1. Can you give the percent of C-alpha pairs in chain A whose distance is more than 21 Å?
2. Show which lysines lie in cross-link reach of residue A:241 when reach means a straight Cα distance below 22 angstrom and same-chain residues fewer than eight apart are skipped.
3. For chain B, what is the relative contact order in percent, using Cα pairs closer than 8 Å and at least 6 residues apart in sequence?
4. From the helices alone, meaning DSSP H stretches of at least four residues, give me the mean residue ellipticity at 222 nm for chain B, per-run term -39500 (n - 2.57), in deg cm²/dmol to the nearest 500.
5. Once you average over the residues of A:85-94, how many Cβ atoms of partner chains fall within 10 Å of each Cβ?
6. Taking chain B as a Gaussian network, where each spring joins two C-alpha atoms under 10 Å apart, which residue of B:14, B:108, B:84 fluctuates the most?
7. Given Cβ point charges of +1 (Lys, Arg) and -1 (Asp, Glu) and nothing else, what value in debye, to the nearest 20, does the dipole of chain B about its Cα centre take?
8. Select from B:92, B:54, B:79 the residue whose mean-square fluctuation is largest in a Gaussian network model of chain B (Cα-Cα springs shorter than 10 Å).
Amino acid sequence: MSLLEIKHIKKSFGDLEVLKDISLKVDEGEVLAIIGPSGSGKSTLLRLATMLETADSGSIVYAGLPDAVTATKAQKQQIRKYFGLVFQNFNLFPHRSVIQNIMDAPVRIQKKDPEQARSEAMALLKKMGLEGKANEYPQQLSGGQQQRVSIARALALNPKILFFDEPTSALDPELTGEILKVIKNLAAEHMTMVIVTHEMNFARNVADHIIFMDKGVIAIEGTPEHVFNSDNARMKEFLGKLGD
Amino acid sequence: MDIGTITQKLLEGSVVSLEIFAVTLVGALILGLLLCFVRMSRFMILRIIAKIYISIMRGTPLMLQLFVVYFGPYYLFHIELSPSYKLIAVFIGFVLNYAAYFAEIYRSGIEGIPEGQYEAATILGYSKVQTFRYIIMPQVFKRIIPPVTNETITLIKDTSLAFTLAVAEMFTIAKQVAAADRTVTAFVIAGVIYYIFNLLVAGAFAKLEKKMSYYK
């Protein structure tokens with residue numbers, strides 16, 4: 001079953017056409033990796049899907065919900081409950097402790113019982129290996145720990161799809177591994193995920209489906225084997241550059 | 001006049017100075033925030049009006065503004081006001097003036113919050129008002145403590161400008177005493193009192209700043 005269907009979306013910033021007719025589907029339990037060179041439009045695609053930007057045309061439909069492209073303000077609030085987003089720069093709230101970062105939205109937005117929200121947040125922290133950090137503040141943590149907190153914060157709202165926008169780009173290679181491990185564990189639990197990433201090996205190992213974007217279009221897509229072994233010239237060039 | 005008597009007179013006057021200080025601080029912090037919203041409104045006409053207002057308030061002497069507030073109603077509209085309007089005029093003039101400064105302080109604080117904070121809150125389902133109230137404002141509050149401290153210290157000294165409308169605050173009394181006494185003792189003591197008051201205020205703000213330093 002498809003949880004998300006994107007059809008023919010286009011997006012321009014001024015004269016710059018960033019996305020030219022993109023369509024894709026995300027099935028339940030699937031891990032979709034979106035790769036491609038800088039400026040290929042992959043982050044914009046994610047920002048459109050999460051409604052941080054609005055597409056110029058086309059449709060973005062989460063299962064059973066109104067089209068996100070034309071949704072009213074109230075409908076957007078409803079659609080937002082469907083997904084979570086993990087940012088490249090974490091965007092944790094610096095004035096709230098780790099546990100407050102995770103439980104504030106469930107309590108304030110979902111009106112969950114604070115005690116229940118707290119114990120769920122603690123369980124998530126434990127899962128992230130951070131149970132000892134509940135009362136610390138974000139800047140006291142390493143980048144990798146902050147990113148794990150932000151993943152916990154997204155998971156606390158029980159999203160059906162979790163988006164990652166280059167989740168390891170702001171991290172040292174050393175800390176990248178711990179985030180990739182967390183994502184791998186989530187994949188093993190059949191969490192539906194869409195990951196924009198520069199980690200080719202990771203994409204190859206974890207993703208069920210890979211989309212390679214180039215200049216605002218999907219240049220090639222399919223299983224990791226298909227994409228990485230393809231004869232597509234741009235894909236080869238891209239992988240070659242990474243190998244240098 | 002002996003020093004004790006002078007000091008006592010000045011302290012009586014300092015109550016009025018304190019009143020001006022407190023009313024201005026509270027009034028201008030509130031009005032300043034509203035003004036800041038207008039200044040950052042999505043309607044250009046509102047933004048321009050706020051910008052002009054702030055420009056005039058910051059670009060002309062507070063003393064002149066006090067005259068306008070005090071004499072304006074009579075000269076413009078022929079409204080006769082009782083002498084007790086003097087203190088009210090001082091309150092109005094000070095609040096209108098300081099709100100302009102505070103509005104700019106709020107604005108710089110709000111604009112300094114990274115866009116990612118808004119985006120994270122939006123994704124988590126916070127409404128605009130909730131985002132501002134729970135995510136943005138607490139961080140703005142911390143950021144603006146140093147500039148607000150500066151303005152507050154200036155305000156304490158500025159209360160002496162109320163003497164231009166002959167409001168019996170500390171500086172007005174110091175002038176009267178000095179004239180009658182033919183010494184500058186009253187001015188020296190007034191200076192010491194202003195200074196002590198400023199030390200207390202600066203200390204209170206430093207404490208607040210420290211309290212907020214649990215995060216960066």
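1. Numbers: 17228 of 29646 pairs.
Counting every Cα pair in chain A, those more than 21 Å apart make up 58 percent.
2. Result set, ordered by chain and number: A:42, A:215.
3. Numbers: 207 pairs, mean separation 63.4, N = 216.
That works out to 29 percent.
4. Numbers: 8 runs with 167 residues, N = 216.
Computed mean residue ellipticity for chain B: -27000 deg cm²/dmol.
5. On the way: counts 5, 2, 4, 1, 4, 2, 10, 3, 10, 9.
Per-residue shielding by partner chains comes out at 5.
6. Sorting by GNM fluctuation, first place goes to B:84.
7. Details: 19 positive and 13 negative charges, 136 e Å.
The calculated dipole for chain B is roughly 660 debye.
8. B:79
Computed from the coordinates by the stated procedures, all read-outs in this text should not be read as laboratory data. Here the structure is a predicted model, which is why all the values come from computation and not from measurement. All Cβ positions, glycine included, derive from the backbone under ideal geometry; neighbour counts span all protein chains shown.
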